[in-house]
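Enquirer: If you scroll down you'll find the structure; I have some questions about it.
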Amino acid sequence: MTPEWNSTAWYAIQTRKRREQSTATLLSGKGYEIFLPVQSWEHRRDRQNEEVRPTLFPGYLFCCFDVQKRVPILVTPGVVGVVGQGRVPIPVPFSEIHAIQSLVSSGVPAEPWPYLECGQRVQIADHALQGIEGILVGHKGNHRIVVSVTLLRRSVAMEIHRSCVIPIQPLYDVLAGAVSEGARHEVSA
């Protein structure tokens, strides 16, 4: 008797340009669990307010499925492919999915943000989003926390008061790691 385990994981699905919502609807209709992070706000146009819902990761959505049974996803109109390395799909860590879900459901304004590889990692300590980890950056005189999906090399950012975050990794550790990485490559070369 073989042990059973849940072989599903979250994967990033690349979609055709501006087809995230229609593709999400089709995949959901096939029974897949879909997460399409969007941010809503009112936009005044021609003297009327209209709701704008841009995606936080343009060209991508997230889908939970068994990677061995991905053909129905790949043949769905609007799907370009499953994000991975070469032809091997790579799952998005659940902690990253959960962080983005928490950020979206909080209603705190967020926007797409360039992916950052270096910087100080922080954790929100005093806020509705307590426990969320990200990178603290300065932007137009304010502070933002950037939450990333590593596989996509994409991020979202939200404004936060600096007093609401605590450091996880001191900045000098990040810089020292970069220096030691460079030294290690020089020695082995």
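Enquirer: Which residues' amide hydrogens lie under 5 Å from the amide hydrogen of residue 32, considering only partners 5 or more residues apart or on another chain, with H built in the peptide plane?
Expert: Residues meeting the amide H criterion: none.
Enquirer: Here's something else I'd like to know. In the P(r) worked out for region 72-156, what percent of Cα pairs fall beyond 18 Å? Write down the numbers at each step before the final one.
Expert: Numbers: 1806 of 3570 pairs.
Result for the distance tail: 51 percent.
Enquirer: Using Cα pairs under 8 angstrom and six or more residues apart, how large is the relative contact order of region 106-167, in percent? Intermediate values should be presented prior to the final figure.
Expert: Values: 116 pairs, mean separation 24.0, N = 62.
39 percent.
FYI, it's all coordinate maths here, none of it is from the lab. These numbers were taken from a predicted model, which means no experiment stands behind them.
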